[in-house]
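The values are calculated or read from the model by the stated rules, or taken from the named source; none is laboratory data. The shown structure was predicted, so the numbers you read here are calculated from the model rather than taken from an experiment. Cβ: placed from backbone, ideal geometry, glycine included. Neighbour counts: every protein chain shown.
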Amino acid sequence: MMTRVQSVIAAPVDSKAIANSEFEQYVEGKAANISNSVGVEHSSLLSLADVTKTILRHAFWLAEQKQHLSLKQYRKLLVDLGWRGEEKRYLKIAAVFGKFLPQDLAQIEPLTVYQLANNSNKYKPVIDALLDLSAITQEAVRSLVKEQRTSKEPKPEKPSIWRRTKNGGRYCQIPPIHEKDERTGVTLQKMMDTEGLSSQQIVAEAIALRQAYQEGHLLVVEENN
């Protein structure tokens, strides 16, 4: 069975060159296990699964050629096939998905294959997780990508009143209090003026009283008129 490569390769490729290329022969041999019911040679449109598998076969074959051919031969191959400048994306795919077989990833959309390969560092946890799946589907990949994005979302920073001194100690600093009626500030200033206490002393006493109330050591008594 012969797969029509020009139907699936992103860059425009001359059909005559492809018809006699080593890639065509490679795909023909590797695709022998695909069901004849697919009838690829009789249809101008391939299913997404066929497209994905053919892209992966293309990528693996190209990586093999680069490994075994001399640099001059490899460059000539790219020129002869009209793929010069397009080969990098497929070499990335081969490098990223080298642990998989084309049929393993058949249920992933072609654009998703390119997306994962072009951002392999970003999606490395996703690609590694695929190895543990019994069935790799587009929905499973979407779920893994979503999980990765969620885990990387910055968590809200916990408010802290603590500040560090130059010698390694720490002290607490209460942030500014903004109120329309300025009630807290006015009351605090009045206590400082009348009692001769510092703002720190008054705040410390207020916090101690509030804690005692929360722990049940103080009770609020309402006066009955």
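Show the residue pairs that are 6+ apart or on different chains and have beta-carbon atoms under 8 Å apart, the first residue being within region 189-214 and part of a helix (DSSP H, G or I), the second being polar (S, T, N, Q).
Met192/Ser198; Met192/Ser199
Does Val141 satisfy the criteria of being in contact (Cβ under 8 Å) with a residue 60 or more places away in the chain and in contact with a Ser or Thr (Cβ under 9 Å, 6 or more places away or on another chain)?
Values: in contact (Cβ under 8 Å) with a residue 60 or more places away in the chain: no; in contact with a Ser or Thr (Cβ under 9 Å, 6 or more places away or on another chain): yes.
Spelling it out, it is not the case that Val141 is in contact (Cβ under 8 Å) with a residue 60 or more places away in the chain and in contact with a Ser or Thr (Cβ under 9 Å, 6 or more places away or on another chain).
Taking Asn121 and the conditions (1) of a type outside the set (Lys, Arg); (2) part of a loop (DSSP other than H, G, I, E, B); (3) closer than 14 Å to Thr52 by Cα, which numbered condition does it fall short on, given that it satisfies the others?
(3) is the only condition that Asn121 fails.
Does region 90-134 hold any residues that are basic (Lys, Arg), farther than 16 Å from Lys146 by Cα and surrounded by fewer than 16 Cβ atoms within 10 Å (Cβ to Cβ), and which are they?
Looking only at region 90-134, we keep the residues that are basic (Lys, Arg), and these are 92, 99, 122, 124.
Right, trim to farther than 16 Å from Lys146 by Cα and you get 92, 99.
Answer for region 90-134, where residues must be basic (Lys, Arg), farther than 16 Å from Lys146 by Cα and surrounded by fewer than 16 Cβ atoms within 10 Å (Cβ to Cβ): just Lys99.
If you scan region 126-156, which residues turn out to be within 11 Å of the chain's Cα centre (by Cα), over 17 Å from Pro110 (Cβ atoms) and at pLDDT 90 or above?
Filtering region 126-156 down to residues within 11 Å of the chain's Cα centre (by Cα) leaves 126-127, 141-153.
Next, only the ones that are over 17 Å from Pro110 (Cβ atoms) stay: 143-144, 146-153.
Selection gives Ser143, Leu144.
Just one of (1) surrounded by 10 or more Cβ atoms within 10 Å (Cβ to Cβ); (2) closer than 30 Å to Leu48 by Cα; (3) of a type outside the set (A, V, I, L, M) trips up Gly185, so point out which.
Every listed condition holds for Gly185 apart from (2).
Criterion first (surrounded by fewer than 12 Cβ atoms within 10 Å (Cβ to Cβ), farther than 26 Å from Gln138 by Cβ and either at pLDDT below 50 or not assigned by TED's automatic domain parsing to the domain that holds Asn118 (or both)) does Asn36 satisfy it?
Values: surrounded by fewer than 12 Cβ atoms within 10 Å (Cβ to Cβ): yes; farther than 26 Å from Gln138 by Cβ: no; either at pLDDT below 50 or not assigned by TED's automatic domain parsing to the domain that holds Asn118 (or both): yes.
Criteria not met by Asn36.
Identify the single condition in (1) of a type in the set (Lys, Arg); (2) surrounded by 10 or more Cβ atoms within 10 Å (Cβ to Cβ); (3) modelled with pLDDT under 90 that Arg164 does not satisfy, given that it satisfies every other one.
(2)
Can Glu86 be described as surrounded by fewer than 11 Cβ atoms within 10 Å (Cβ to Cβ), modelled with pLDDT under 85, of a type in the set (Asp, Glu) and more than 18 Å from Asp50 (Cα to Cα)?
Values: surrounded by fewer than 11 Cβ atoms within 10 Å (Cβ to Cβ): no; modelled with pLDDT under 85: yes; of a type in the set (Asp, Glu): yes; more than 18 Å from Asp50 (Cα to Cα): yes.
When the stated conditions are applied, Glu86 does not pass them.
Name the residues in region 50-108 that are out of contact with any Leu (no Cβ under 9 Å at 6 or more places or on another chain), over 17 Å from Asn118 (Cα atoms) and not in a helix (DSSP H, G or I), would you?
Correct list: Ser70, Gly82.
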